[in-house]
Amino acid sequence: MSKQNIIKLREKLMSAVFLVAALASILAVGLICFFLLVNGLPAMGEIGVFKFLLGREWSPTDIPPVFGILPMIVGSLYVTAGAIIIGVPIGVLTAVFLARVCPKRLYKLLKPGVDLMAGIPSVVYGFFAMAVIVPLTGSSMLTASILLGVMILPTIIGLAESALRAVPEQYYEGALALGAGHYRSVFFIVLPAAKSGILTAAVLGIGRAIGETMAVVMVAGNQARMPVSLLKGVRTMTANIVIEMGYAGELHRQALIATGVVLLLFILIINLSLSALKNRSKQ
Amino acid sequence: MNCFEIKDLNLHYGTFQALHHINMDIAAGEITAFIGPSGCGKSTLLKTLNRMNDLVEGCKITGSVTLYGEDIYAASDVNLLRKRVGMVFQRSNPFPMSIYDNIAFGPRTHGVKSRLELDRIVEESLRAAAIWDEVKDRLKKSALSLSGGQQQRMCIARALAVSPEVLLMDEPTSALDPISTEKIEELLLTVREKYSIIIVTHNMQQAARVSDKTAFFLTGEVVEHDSTETIFAMPHDQRTEDYITGRFG
């Protein structure tokens, strides 16, 4: 075989390797969707889509069992909203501090700290909250919100900081040259200029909060009923699945998988709004 | 009467000395042009006049600069200084917001709250910058939708909106086409009565067309500072003559 043919063959081989690698991840996503739909949809059909989605009672072991997941949908939404209310302002202000205020020396200390937050396993966050927050606010919606608010911080801070750093320096200088002080220039010119990146950060934070399971199970109380108060327990969709999957049989198991379908739907909506955001900011 | 009086000003960026013993009085109510080859220190000197050099790390300044007799480096309120000494940048830098909000940002910063008052300032500033007729129907539109030349005129309007006493312009037309450049030069000639203007330019014809006084810079020193006519017609220094006649630069 000539040298050129060998090179050609190697090129083809390598592009095949890349293709397989790319297909593997697509395949994984495809299989997950397939599995969820095949196992989840029939249950939804059997229970009745409206009864399932809008049913306010979840009693899988009653005879006959009742499968209404509205309490968990609402629970997930409340806890996520709480996390955003707590996490986004703190995260954005931290990002402003890191990007525009913090002295270099302090930055070298803070930045790795924030990055480390992203790597801490969620069960450790759960332990932390059990030890520190639960004594104050009980196993409740508020506790879960605070904990999730903390857990989404690294996502929010990281993205908001890079959005702030991407704002052209000439905006800041232009504001200073008009006699605006440092903070006025940062908050009224630089921060608004980074708003699409900050919105993206918030949406990714929502995605992370709604999907979080372990830490939430540890502190949320997990009562499967319509949320009644900030200081009472709440059960999220993820918690519902992980708590009951171990002993669920037949229809119950399928109903839990169908809960997964609903969760996936939420994630899909979040991803769609993300790409909509990105498209808008490109224009 | 002088607006700025600069005495024995030295400026270092780290170990590099960018300005050497600058002594210069800048007349009020006139247009002064700073000319000279790249790296001669003309923009650097401009930025010492509204203390934008404060942002540059390792920038050290000795000597004194006074604005109507007040030492601007001794005064503590740098924001007030920058209100009194406006600046237009080489690259137009409209904020990513509406034209109206761009112009109103400065006045709002300095405490103007009344809607009527803001409306008046916005209109006056845009008129002064000769762009009112082009934008009056789209004040709520993003300033980024304007053309390059319009953006720069809007930036001039924005600078005028805080009623500065002096306007610094750092090569304001170097990124613009000849027609936009002409418009800006015309507008300079109309606002000269109300403001003292210092313009840095690479374009010697521009200096000759618009300025009353011209200062020629070379390697961080002021070689010659005189009426524009003198500088262009009968410069005293051989280096000025060489530069103006195009022998280098």
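All of the numbers you see were taken from the coordinates with simple rules; none came from a lab. Only a predicted model underlies this, so the values are computations on that prediction, with no experimental measurement involved. Positions of Cβ are generated from backbone atoms using ideal geometry, with glycine treated the same way; all protein chains shown enter the neighbour counts.
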Inset, instruction - Sort region B:100-139 into rounded, prolate or oblate with this rule: let a ≥ b ≥ c be the square roots of the eigenvalues of the Cα gyration tensor; rounded if a/c is under 1.5, and if a/c is not under 1.5, prolate when a/b is larger than b/c, oblate otherwise. - result: prolate
Legend entry - Residue order, fewest to most beta carbons within 10 Å, for B:Val112, B:Val223: B:Val112, B:Val223
Inset, instruction - Taking the Cβ of each residue in A:Val123, A:Val234, B:Val65 as the centre, tally the other Cβ atoms inside 10 Å and list the residues starting with the fewest. - result: A:Val123, B:Val65, A:Val234
Legend entry - Relative frequency of Cα-Cα separations exceeding 17 Å in region B:1-97, percent: 54 percent
Inset, instruction - Can you check what the net charge comes to around B:Gly106, using other residues whose Cβ is under 15 Å from the Cβ of B:Gly106 (Lys, Arg +1; Asp, Glu -1)? - result: +1
Inset, instruction - Calculate one ³J(HN,Hα) per residue across region B:50-58 by plugging θ = phi - 60° into the Karplus curve 6.51 cos²θ - 1.76 cosθ + 1.60, and present them in order as whole Hz with x for glycine and proline. - result: 10, 6, 6, 5, 4, 6, 7, 5, x
Legend entry - Residue-averaged 222 nm ellipticity for chain B, from DSSP H runs of 4+ at -39500 (n - 2.57), nearest 500: -10500 deg cm²/dmol
Legend entry - FRET efficiency, B:Lys194 to A:Ser196 (Cβ-Cβ, R0 45 Å, nearest 0.05): 0.70
Legend entry - Spin-label pair B:Glu186/A:Ser229, simplified geometry with 7 Å Cα→Cβ offset, distance in nm: 7.3 nm
Legend entry - chain A: calculated mean residue ellipticity at 222 nm from DSSP helix runs of at least 4, using -39500 (n - 2.57): -24500 deg cm²/dmol
Inset, instruction - Extending each Cα 7 Å along its Cβ direction at A:Ala81 and B:Gln17, get the distance between those two points in nm, one decimal. - result: 6.7 nm
Legend entry - Over the protein assembly as shown - Rg/Rh using Cα atoms and the Kirkwood inverse-distance radius: 1.15
Legend entry - In nm, spacing of pseudo-spin labels at A:Asn39 and B:Arg115 (7 Å Cα→C-beta vector): 6.0 nm
Legend entry - Candidates per GluC sites (Glu not before Pro) in region B:1-110, loop by DSSP, up to 13 other Cβ within 10 Å: B:Glu57
Legend entry - Taking all pairs of distinct alpha-carbon atoms in chain B, Kirkwood radius in angstrom: 18.6 Å
Inset, instruction - Return the ratio Rg/(2.2 N^0.38 Å) for region A:66-282, where Rg is computed over Cα atoms only. - result: 1.16
Inset, instruction - Give, to the nearest whole percent, the P(r) tail of region A:3-48 beyond 18 angstrom, counting all Cα pairs. - result: 57 percent
Inset, instruction - Mind listing the long-range amide H neighbours of B:Gln90? Cut-off is under 5 Å, sequence gap 5 or more, other chains count too, H placed in the peptide plane at 1.01 Å from N. - result: B:Asp170
Legend entry - Under the Karplus curve 6.51 cos²θ - 1.76 cosθ + 1.60, θ = phi - 60°, whole-Hz ³J(HN,Hα) for region A:247-257, x wherever Gly or Pro sits: 10, 6, x, 6, 4, 4, 4, 5, 5, 5, 5
Legend entry - Residue mean of other protein chain beta carbons inside 10 Å, A:178-190: 5
Inset, instruction - Pop out the ³J(HN,Hα) list for region B:115-126 in order, Karplus 6.51 cos²θ - 1.76 cosθ + 1.60 with θ = phi - 60°, rounded to Hz; leave Gly and Pro as x. - result: 4, 4, 4, 4, 4, 5, 4, 4, 5, 4, 5, 5
Inset, instruction - Just tell me the longest site-free run in chain B, where the sites are trypsin sites (Lys or Arg not before Pro) in a DSSP loop having at most 16 other beta-carbon atoms within 10 Å. - result: B:1-90
Legend entry - With at most 16 neighbouring Cβ atoms within 10 Å, loop trypsin sites (Lys or Arg not before Pro) (DSSP) excluded, longest segment of chain A: A:57-224
Legend entry - Order of B:Cys3, B:Cys155 under a 10 Å beta carbon neighbour criterion, fewest first: B:Cys3, B:Cys155
